[in-house]
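The values are calculated or read from the model by the stated rules, or taken from the named source; none is laboratory data. Because the structure is a prediction, the values reported are computed rather than measured. Positions of Cβ are generated from backbone atoms using ideal geometry, with glycine treated the same way; all protein chains shown enter the neighbour counts.
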Amino acid sequence: MEALLILGGVIGFAVAWVWLVFCSLRLGSRAVLLAALLPLVTPFLRDSAFARLPRILLLVSLLCAGAGFWLLQQHQPEHFARLLSGQWQKEVPAGELQGTLMGQSFAPDQVYWRGDQLIFAETAGERVRRSLVVRFDGATSLLQGTAIDLLPGDDGPWPQMVLQWYTGALASPGLRRVASGYSLSLSLAPQGREGAEMVVHLRLPAEHQTRLTGRVTLAERPSWLGRSLNSAQPPAPQPEPAAPAPSPADWQEVSLLAVLDEPEHFVGQRLRLVTVAGREHEGVLKAVTSERRLVLALPQGANQVDFQFHPVDIALIEVRPRI
């Protein structure tokens, strides 16, 4: 509503201004200069020869724009302050959650778990403008350990994605559900006594025009995370029978610490990871980040997708030596 009032006021003012200057051409050069340079003065001149209708439109347009700015200051004070300071676009800090939802810019300012549902919401005042809900109700087996990784083609179960968006007061809200076929990587790390830090990488199929990436600090960690931290333990290493030395083409188990401390010896090699949750991932090691996370390039059809793995989520790591 605020945007419509402001936009309508600005357009109406521009139309009235041009109209006033055009009508003043018959009144001489002084009237034209006054209408062009000081149009707001003309509505208050008594017994003026200036046309009446454009002067009335000038006043109405100013009232509409003023009402829009007043409502904006009441409902979205931060946005109003940015407009006054000349910051037309909100600057998103590096690493903060950002992306798109059905082609619209999406920067959630409320992120929380409600039971087995992960909710991302972008609000305007007390209204929810856009939201994305990841429903694990039918995929609770994924809620274990500290990481959740899904790639197109993986076997189920899959959480359901529920997308909702609002394009304005004159358009009905949109709703879409996506059951599978997307890329999702969630990594959680306990922070403090009750909080948690969560890293998110989400990309839906191209027709949904939806992606989300970044990190966020949760004020309250999900209830399942505490249970999984207490119950999930890396499998104890089993002694292996003596065997002949492997050939260069065989997989060889390596120390995770060796990969973290000397990544230059492993970057570009093919790795196979087994997570604490028992999921296996195979790809090319691209880098080890400053936060000591392994970045693995995983195949996705004809393309590749980069996924990050936290060391605490890795139970086994193997490498295929260079020939």
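Data overview
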| quantity | calculated |
| --- | --- |
| Selection count where residues are farther than 22 Å from VAL10 by Cβ and hydrophobic (A, V, I, L, M, F, W, C), scope the stretch 40-54 | 2 |
| Sole residue being crowded, with 20+ Cβ neighbours inside 10 Å and either charged (D, E, K, R) or closer than 27 Å to ARG293 by Cα (or both), chosen from LEU118, LEU151 | LEU118 |
| Residues that are under 23 Å from GLY66 (Cα atoms) and in a helix (DSSP H, G or I), drawn from the stretch 22-44 | ALA35, ALA36, LEU37, PRO39, LEU40, VAL41, THR42, PRO43, PHE44 |
| Residue match in the stretch 189-202 (condition: buried (at least 17 other Cβ atoms within 10 Å of the Cβ), modelled with pLDDT of 85 or more and not in a strand (DSSP E or B)) | no |
| Of all residues making up the stretch 1-17, the number that are closer than 13 Å to LEU53 by Cβ and surrounded by fewer than 15 Cβ atoms within 10 Å (Cβ to Cβ) | 1 |
| Residue that is nearest to the chain's Cα centre (by Cα), among those in the stretch 21-38 that are buried (at least 18 other Cβ atoms within 10 Å of the Cβ) and modelled with pLDDT under 85 | ALA35 |
| Residue that is farthest from TRP224 (Cα to Cα) [pool: residues in the stretch 126-147 that are part of a loop (DSSP other than H, G, I, E, B) and not polar (S, T, N, Q)] | GLU126 |
| Number of the condition not met by LEU204 [criteria: (1) of a type in the set (A, V, I, L, M); (2) under 21 Å from GLN110 (Cβ atoms); (3) touching a Pro at 6+ places or on another chain (Cβ under 9 Å)] | (3) |
| Matching option when the condition is under 27 Å from LEU118 (Cα atoms) and modelled with pLDDT of 80 or more, among LEU294, LEU256 | LEU294 |
| Within the stretch 95-142, considering residues that are aliphatic (A, V, I, L, M) and in contact with a helix residue (DSSP H, G or I) (Cβ under 8 Å, 6 or more places away or on another chain), the one farthest from LEU212 (Cα to Cα) | ALA124 |
| Residue check for VAL274: assigned to a helix (DSSP H, G or I), in the same structural domain as GLN304 (by TED's automatic domain parsing), crowded, with 16+ Cβ neighbours inside 10 Å and at pLDDT 70 or above | no |
